[in-house]
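Student: Quick one: structure below, then a few questions.
The values are calculated or read from the model by the stated rules, or taken from the named source; none is laboratory data. All values reported here derive from a predicted model rather than from experimental measurement. Ideal geometry is used to build each Cβ from the backbone, glycine not excepted, and the neighbour counts take in all protein chains shown.
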Amino acid sequence: MKKCTIGFAVLAMVLGLSLGFSVNNAVAADVIKWGVLIDLSGPTSDWGKNQAKGQLDAARWVNANGGINGKKLELIVIDDGYKVPRGVAGYNRLVDSENVLGLYLQSTGTTMTLIKKIVKDGVVTIAASFTSKFQNPAKTPFSFFVSPSYGTMGRIALKWIADSWNDPNRKPKIVYLYPDNKYGRDILAVCKSYAKKIGVEVGPDQVINWPTKDATAQLMNMKRYNPDYAYITSTAMNGAVILKNARALGIKTKFISNIRNFEETLIKLSGGAANGSYGVHPIAPYGANVPGMKKVVESHEKWHPKQMGTNVYVEGWVNILAVTQALRMADKAGKLNPVGIREAFEQFKDFKTGGLAPPLTFTKTDHRASMAAKIYEIKKDKMQPITNWIELPRDKEYFGK
């Protein structure tokens, strides 16, 4: 289990970062510790490294621009390799030994394994696992994340399919491609229920496990059903294999990637096979023409001039911008503790990140940050939005499910 803090050389080696500074006052009183439990060496490490890089750079920017009301933010990063036992051990270390005020958790499996302990411990968590099960504060009062849930985004994709369908003689058909783990299965019940409700036919699931070396057999099975759309739940280095195999097989089905698969790395790894595919996403692509992107791009170009920027990196910024806002509010109220941080988050009302994400809102009874995302198409190796924000109502039918 690798553990590191901002400025330590080991993190630069793990992430390939050029940090260029250190937090020399990390043991001082005016330092706020925040944990990051993330995959830097396992099957989702392509995603994890970019997320960690974004969070670290955002924290560095925050500290250079006043910090948390003058206090420094220290990120303590632990690599869990996307393995639940390592994730549980990392959580215990962050909470019991490092005494963090809160932490970021990537793995769906780890987060779901720990959820009862998180509630008991009263530790604020920001999840990368966008499962709606973490959005009901009656059950998970200390859990937050800065996006619509996986299920909400899956429903947004279905709504787009239904609304744009123009064949009166039949219903549109969709198939779900996913790894057989908690992350992969998370959206199935909600999305299949919603699909039936709005008139989208669902075909046979295709399980494509990680690491994905070849998906030919599953794609051939899918081809027999001949769906109009296939929804990919994966990550870019695995999803790229699916798209390359589909191109080789001459499959005409339109592929829609979920948030964890739809990123700039997918374009790079797929060798052109991602062109013509779609994605549902609430985070602005790297370099998008929105006000909040300026500091993101400037930081990336300064600290990682030879590396590719991604929307995963942007999401890392959104996570830290939201966390620092809550920490500032809690600190100002004299309640810089988990309960105070939770209460600060629950005061968010259309919190804006300069267009990096949709406005974020949390309440005491509803931890759904947003219900909005856009549909993008990859054209000429670029992510192009083809819709405005598609926003679903804050209904109770799928709340916390």
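Student: Counting only residues that are closer than 19 Å to Glu346 by Cα, under 14 Å from the mean Cα position of the chain (by Cα) and either assigned to a loop (DSSP other than H, G, I, E, B) or among the acidic types (Asp, Glu) (or both), how many does the stretch 108-137 have?
Tutor: Residues flagged as closer than 19 Å to Glu346 by Cα, under 14 Å from the mean Cα position of the chain (by Cα) and either assigned to a loop (DSSP other than H, G, I, E, B) or among the acidic types (Asp, Glu) (or both) within the stretch 108-137 amount to 3.
Student: Can you tell me how many residues in the stretch 239-279 are farther than 19 Å from Asp46 by Cα and either over 21 Å from the mean Cα position of the chain (by Cα) or touching a residue at least 60 places away in the same chain (Cβ under 8 Å) (or both)?
Tutor: Here the count works out to 15.
Student: Out of curiosity, is Gly184 within 30 Å of Val84 (Cβ to Cβ), surrounded by 24 or more Cβ atoms within 10 Å (Cβ to Cβ), in contact (Cβ under 8 Å) with a residue 12 or more places away in the chain and not assigned by TED's automatic domain parsing to the domain that holds Lys116?
Tutor: For Gly184, the condition - within 30 Å of Val84 (Cβ to Cβ), surrounded by 24 or more Cβ atoms within 10 Å (Cβ to Cβ), in contact (Cβ under 8 Å) with a residue 12 or more places away in the chain and not assigned by TED's automatic domain parsing to the domain that holds Lys116 - is not met.
Student: Which numbered condition trips up Gly309, out of (1) in a strand (DSSP E or B); (2) surrounded by 19 or more Cβ atoms within 10 Å (Cβ to Cβ)?
Tutor: (1)
Student: A further question on this structure: Since Arg328 meets every condition but one in (1) in contact (Cβ under 8 Å) with a residue 60 or more places away in the chain; (2) surrounded by fewer than 24 Cβ atoms within 10 Å (Cβ to Cβ); (3) in a loop (DSSP other than H, G, I, E, B), which condition does it not meet?
Tutor: Result: Arg328 passes all but (3).
Student: Can you find even one residue in the stretch 82-95 that is touching a Pro at 6+ places or on another chain (Cβ under 8 Å), touching a residue at least 12 places away in the same chain (Cβ under 8 Å) and under 26 Å from Leu321 (Cβ atoms)?
Tutor: yes
Student: Oh, and also: So is Pro305 outside the structural domain of Tyr104 (by TED's automatic domain parsing), modelled with pLDDT of 95 or more and under 24 Å from Trp47 (Cβ atoms) or not?
Tutor: Details: outside the structural domain of Tyr104 (by TED's automatic domain parsing): no; modelled with pLDDT of 95 or more: yes; under 24 Å from Trp47 (Cβ atoms): yes.
No.
Student: I've got another one for you. So which residues in the stretch 335-368 are out of contact with any helix residue (DSSP H, G or I) (no Cβ under 8 Å at 6 or more places or on another chain) and part of a loop (DSSP other than H, G, I, E, B), if there are any at all?
Tutor: The first filter runs over the stretch 335-368 and keeps only residues out of contact with any helix residue (DSSP H, G or I) (no Cβ under 8 Å at 6 or more places or on another chain), leaving 338-339, 342, 346, 349-350, 352, 358-359, 361, 363-366.
Across the stretch 335-368, the qualifying residues are Glu346, Lys349, Asp350, Lys352, Pro358, Pro359, Thr361, Thr363, Lys364, Thr365, Asp366.
Student: Would a scan of the stretch 371-385 turn up a residue that is part of a strand (DSSP E or B), within 18 Å of the chain's Cα centre (by Cα), modelled with pLDDT of 95 or more and not aliphatic (A, V, I, L, M)?
Tutor: Quick first cut of the stretch 371-385, residues part of a strand (DSSP E or B) only: 372-379, 382-385.
So of that shortlist, the ones also within 18 Å of the chain's Cα centre (by Cα) come out as 372-376, 383.
From what's left, modelled with pLDDT of 95 or more: 372-376, 383.
Applying the additional criterion that residues be not aliphatic (A, V, I, L, M) yields 374, 376.
Within the stretch 371-385, one or more residues are part of a strand (DSSP E or B), within 18 Å of the chain's Cα centre (by Cα), modelled with pLDDT of 95 or more and not aliphatic (A, V, I, L, M).
Student: Here is a follow-up. Quick check, is Ser299 touching a helix residue (DSSP H, G or I) at 6+ places or on another chain (Cβ under 6 Å) and within 25 Å of Ile187 (Cβ to Cβ)?
Tutor: No; evaluated as a whole, the condition is false for this residue.
Student: Of all residues in the stretch 372-386 being over 16 Å from Val314 (Cα atoms) and touching a Ser or Thr at 6+ places or on another chain (Cβ under 6 Å), which is surrounded by the fewest Cβ atoms within 10 Å (Cβ to Cβ)?
Tutor: Among those that are over 16 Å from Val314 (Cα atoms) and touching a Ser or Thr at 6+ places or on another chain (Cβ under 6 Å), it is Ile375.
Student: I've got another one for you. For the stretch 338-360, check the following and say yes or no: at least one residue is modelled with pLDDT under 95, closer than 27 Å to Asp186 by Cβ and of a type in the set (Asp, Glu).
Tutor: Checked against the condition, which is being modelled with pLDDT under 95, closer than 27 Å to Asp186 by Cβ and of a type in the set (Asp, Glu), the stretch 338-360 yields no hits at all.
Student: Could you please let me know if Asp96 is farther than 28 Å from Pro358 by Cβ and surrounded by 22 or more Cβ atoms within 10 Å (Cβ to Cβ)?
Tutor: no
Student: Within the stretch 262-282, how many residues are outside any helix (DSSP H, G or I) and in contact with a strand residue (DSSP E or B) (Cβ under 9 Å, 6 or more places away or on another chain)?
Tutor: 11
Student: Next up: Specify which of the listed residues (Lys71, Lys53) is charged (D, E, K, R), modelled with pLDDT of 95 or more, in contact with a strand residue (DSSP E or B) (Cβ under 7 Å, 6 or more places away or on another chain) and not assigned by TED's automatic domain parsing to the domain that holds Phe262.
Tutor: Values: Lys53 fails: in contact with a strand residue (DSSP E or B) (Cβ under 7 Å, 6 or more places away or on another chain).
Only one candidate passes the filter, namely Lys71.
Student: So is Gly109 within 21 Å of Thr235 (Cβ to Cβ), at pLDDT below 95 and either surrounded by fewer than 19 Cβ atoms within 10 Å (Cβ to Cβ) or outside the structural domain of Thr324 (by TED's automatic domain parsing) (or both) or not?
Tutor: On the way: within 21 Å of Thr235 (Cβ to Cβ): yes; at pLDDT below 95: yes; either surrounded by fewer than 19 Cβ atoms within 10 Å (Cβ to Cβ) or outside the structural domain of Thr324 (by TED's automatic domain parsing) (or both): yes.
Yes: the conditions hold for Gly109.
Student: For Tyr398, indicate whether it is among the hydroxyl-bearing types (Ser, Thr, Tyr), assigned to a loop (DSSP other than H, G, I, E, B) and modelled with pLDDT under 95.
Tutor: yes
Student: Whether any residue in the stretch 193-207 is buried (at least 16 other Cβ atoms within 10 Å of the Cβ) and closer than 24 Å to Gln51 by Cα is what I want to check.
Tutor: no
Student: Consider only pairs whose beta carbons are under 6 Å apart and that are at least six residues apart or on different chains; among these, list those whose first residue lies in the stretch 138-150 and is not assigned by TED's automatic domain parsing to the domain that holds Gly184 and surrounded by fewer than 24 Cβ atoms within 10 Å (Cβ to Cβ) and whose second residue is of a type in the set (Phe, Trp, Tyr) and not in a loop (DSSP other than H, G, I, E, B).
Tutor: Thr140/Phe134
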